[in-house]
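*Asks:* Following this message is one structure expressed as structure tokens.
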Amino acid sequence: MSDLRAWLRAHNLEQYADTFAANDVDIDILADLTEQDLAELGVSLGNRRRLMKAVAGHVADPGRVASALAQEPNLAAVGDAERRQVTVLFCDLVGSTALSSAVDPELLGPLIRRYQDAVAGEIGRFGGFVAKFMGDGVLAYFGFPQAFEDAAERAVRAALGILAEVGGIAAPDGGTLQARIGIATGLVVVGEIIGEGLAQERSIVGETPNLGARLQTLAAPGMIVVGEATQRLIGGLFELEALGEHDLKGFSRPLPVWRVCGEASIESRFAAIRRGESLPLLGRAHEMGLLLDRWRLARSGEGQIVTVIGEPGIGKSRAIEALQYALAGEPHTRIHLQCSPHHSDSALYPVIRHLIRAVGLAPADTPDARIEKLRGLFADRAVSDAAAIPLLAELLSIPDAPPLPLLLTPAQRKTATLALLVDEIVPAGETHPVLLVVEDAQWVDATTLELMTRLGRRHRRGAGIGDRHGAPGLRAALVCATACELADFGPARTRRMRATGRHGRRCAWPAGGNRRGDRRQN
């Protein structure tokens, strides 16, 4: 049974190990279970699909699951304990004692399983590891067994998702369930398997799990409380409220704690994490010269697209920040689209975040107030295009928005929305040049990429990039920072700037060179 538990743990499904054990399901017959069998065992629909996909993906013969464990040593073998920095998340169901007294156990069991599935689903979604279910409590690690540089951020995002998912579960009294969460980060010794049989678990030793448990007790219903180390790591990515210092049992001094209020409205992920600390830019004179040269061409009416490609941490975002600083004294419009690794499947996510900042929408705004803010920012457009405000309100998920003047299909609404955004992001004949930055473009969603492609091909409609035949040029520079190759944004003259970690740096042009026919390399 330990092999089955290890295999389930590796696929973030360990919460079902005890259920399988109670029903004498071992690894030799796991592949023979049907979807109906799994449903009778209490496995949720999503986890049934995950389980069946995992079984089918690891073995060609569904009857030989055990052979997959031999091919994957991290699953079958017991790992040695190791010293790691881990973010620990404790989640507890509010009012579970009163709930168990008021609800029949046969009804309470499925409710608790639904709660556990919701919690485990959000933890797994952000790469966390469910270490243990303790009745209505859940212990999870971020940063073990898989390490992430943003483990603390992932834990907080998972916590926000947990509160939303658990808040959607109906309670027997007609209300909804609530959870409270504590998050702590620090060094631990983790990984050793202790216990036997059903009591077997992967241990974690250190101050951090104790701190996480204490922080969870400080949290009110529907609240996330984080410690000092976590607060430093998540930087300006989230809105935090200081709760002061608290005396926690087992700790020699009062510790400061913070409440997570929600995701912050940030323009640049790089700046938010650094919190405005100024770092010198060294050894990038050639790349900066190239960027400024492209900007001068864009300012004169010959629009430019520059793709900055390099390994993570090599300084792409820092170079773009230096470009923005160099242009601070010039009149221009700056648009910053920040892509997110957690929203790469959310259509137009970076554009939506930009519009929220531009319009000045606040969580406390009523739908009517949001519509009025939209009308104020897009007043000229609203007069000329009756569909502009309804389309933008739909994009920003504003309820009770004005209806569209025409009945459009979803495909037509998408086309109309993209056309509206293209015209509004970089207006033709704009008085000031526009610097449009797409940061972390390796995480760009398909719809935003399509929007950028339309911008690159805009010259086909007469107001184009590099149009020198009568139509006004597009005074815009699109700077795209990415850690990987991306498809061209169109037939525009795209410059690719590739920085290396060696002393020499090179700027590689696409086939055909630039308009002067030169091809440079340093």
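*Asks:* Can you spot a residue in the stretch 100-112 that is of a type in the set (A, V, I, L, M), more than 17 Å from Thr176 (Cβ to Cβ) and buried (at least 17 other Cβ atoms within 10 Å of the Cβ)? Steps first, answer last, please.
*Replies:* Residues of the stretch 100-112 of a type in the set (A, V, I, L, M): 102-103, 107-108, 111-112.
Those left that are additionally more than 17 Å from Thr176 (Cβ to Cβ): none.
Scanning the stretch 100-112, I find no residue that is of a type in the set (A, V, I, L, M), more than 17 Å from Thr176 (Cβ to Cβ) and buried (at least 17 other Cβ atoms within 10 Å of the Cβ), so the answer is no.
*Asks:* Tell me which residues, restricted to the stretch 261-297, are among the hydrophobic types (A, V, I, L, M, F, W, C) and either in contact with a Leu (Cβ under 6 Å, 6 or more places away or on another chain) or part of a loop (DSSP other than H, G, I, E, B) (or both). Break it down into steps so the answer makes sense when it comes.
*Replies:* Of all residues in the stretch 261-297, those among the hydrophobic types (A, V, I, L, M, F, W, C) come to 261, 264, 266, 270-273, 279, 281-282, 285, 288, 290-292, 295, 297.
Listed by number, the residues that qualify are Ala264, Ile266, Ala272, Leu279, Leu281, Leu282, Leu291.
*Asks:* Additional query: Of these, Phe133, Phe148, which one is of a type outside the set (A, V, I, L, M) and assigned to a loop (DSSP other than H, G, I, E, B)?
*Replies:* On the way: Phe133 fails: assigned to a loop (DSSP other than H, G, I, E, B).
Sole residue among the options that is of a type outside the set (A, V, I, L, M) and assigned to a loop (DSSP other than H, G, I, E, B): Phe148.
*Asks:* Restricting to the stretch 19-34, name every residue that is exposed (fewer than 13 other Cβ atoms within 10 Å of the Cβ), in a helix (DSSP H, G or I) and not hydrophobic (A, V, I, L, M, F, W, C).
*Replies:* Across the stretch 19-34, the qualifying residue is only Asp32.
*Asks:* Using beta carbons and a limit of 7 Å, which pairs, at least six apart or on different chains, have the first residue in the stretch 325-339 and at negative phi and the second one loosely packed, with under 14 Cβ neighbours inside 10 Å and in a loop (DSSP other than H, G, I, E, B)?
*Replies:* Pro331/His432; His332/His432; Thr333/His432
*Asks:* Could you check, for the stretch 360-374, whether at least one of its residues is touching a Gly at 6+ places or on another chain (Cβ under 8 Å) and exposed (fewer than 15 other Cβ atoms within 10 Å of the Cβ)?
*Replies:* Narrowing the stretch 360-374 to residues touching a Gly at 6+ places or on another chain (Cβ under 8 Å): 363, 373.
Narrowing the set further to residues that are exposed (fewer than 15 other Cβ atoms within 10 Å of the Cβ) leaves 363.
Yes, some residue in the stretch 360-374 is touching a Gly at 6+ places or on another chain (Cβ under 8 Å) and exposed (fewer than 15 other Cβ atoms within 10 Å of the Cβ).
*Asks:* Could you list, in sequence order, all residues of the stretch 117-133 that are among the charged types (D, E, K, R) and either closer than 18 Å to Arg48 by Cβ or crowded, with 21+ Cβ neighbours inside 10 Å (or both)? Give the derivation first.
*Replies:* Of all residues in the stretch 117-133, those among the charged types (D, E, K, R) come to 117, 122, 125, 132.
Answer for the stretch 117-133, where residues must be among the charged types (D, E, K, R) and either closer than 18 Å to Arg48 by Cβ or crowded, with 21+ Cβ neighbours inside 10 Å (or both): Asp117, Glu122, Arg125.
*Asks:* Among the residues of the stretch 270-295, write down those that are at pLDDT 80 or above and among the basic types (Lys, Arg).
*Replies:* Arg284, Arg294
*Asks:* Go through the stretch 305-321 and count every residue that is part of a strand (DSSP E or B) and closer than 11 Å to Leu281 by Cβ. Step through it out loud before you land on a result.
*Replies:* The initial filter retains those residues of the stretch 305-321 that are part of a strand (DSSP E or B), namely 305-309.
Checking which are closer than 11 Å to Leu281 by Cβ leaves us with none.
Looking only at that region, the number is 0.
Let's see how each residue does on (1) over 20 Å from the mean Cα position of the chain (by Cα); (2) in contact (Cβ under 8 Å) with a residue 12 or more places away in the chain; (3) not in a helix (DSSP H, G or I):
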residue: Pro341; (1), (2), (3): no, yes, yes
residue: Asp345; (1), (2), (3): no, yes, yes
residue: Ile356; (1), (2), (3): no, yes, no
residue: Pro363; (1), (2), (3): no, yes, yes
residue: Lys373; (1), (2), (3): yes, yes, no
residue: Pro403; (1), (2), (3): yes, yes, yes
residue: Val422; (1), (2), (3): yes, yes, no
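*Asks:* Kindly check whether there is at least one residue in the stretch 137-145 that is among the aromatic types (Phe, Trp, Tyr), over 30 Å from Ala22 (Cα atoms) and modelled with pLDDT of 85 or more.
*Replies:* The initial filter retains those residues of the stretch 137-145 that are among the aromatic types (Phe, Trp, Tyr), namely 141-142, 144.
From what is left, the residues that are over 30 Å from Ala22 (Cα atoms) are none.
No: zero hits.
*Asks:* Please determine whether any residue of the stretch 303-322 is farther than 26 Å from Val422 by Cα and of a type in the set (Lys, Arg).
*Replies:* yes
*Asks:* OK, next. Consider Arg284 against the criteria (1) within 22 Å of the chain's Cα centre (by Cα); (2) on the phi < 0 side of the Ramachandran plot; (3) touching a residue at least 24 places away in the same chain (Cβ under 8 Å): it satisfies all of them except one. Which criterion is unmet?
*Replies:* (1)
*Asks:* Please note which strands (runs of 3 or more DSSP E) are completely contained in the stretch 153-243 and include at least 1 residues that are at pLDDT 95 or above. Lay out the reasoning, then the answer.
*Replies:* Values: elements: 179-194, 201-205, 224-226.
Because the criterion is at least 1 residues that are at pLDDT 95 or above, the strands (runs of 3 or more DSSP E) in the stretch 153-243 that meet it are 179-194, 224-226.
*Asks:* Among Ala386, Ala298, Ala379, which is surrounded by 17 or more Cβ atoms within 10 Å (Cβ to Cβ), out of contact with any Ser or Thr (no Cβ under 6 Å at 6 or more places or on another chain) and at pLDDT below 90?
*Replies:* Of the residues listed, the single one that is surrounded by 17 or more Cβ atoms within 10 Å (Cβ to Cβ), out of contact with any Ser or Thr (no Cβ under 6 Å at 6 or more places or on another chain) and at pLDDT below 90 is Ala298.
The values are calculated or read from the model by the stated rules, or taken from the named source; none is laboratory data. Computed from a prediction, not measured in an experiment: that's the story for all the values here. So basically every Cβ, Gly included, is an ideal-geometry build from the backbone, and we count neighbours across all protein chains shown.
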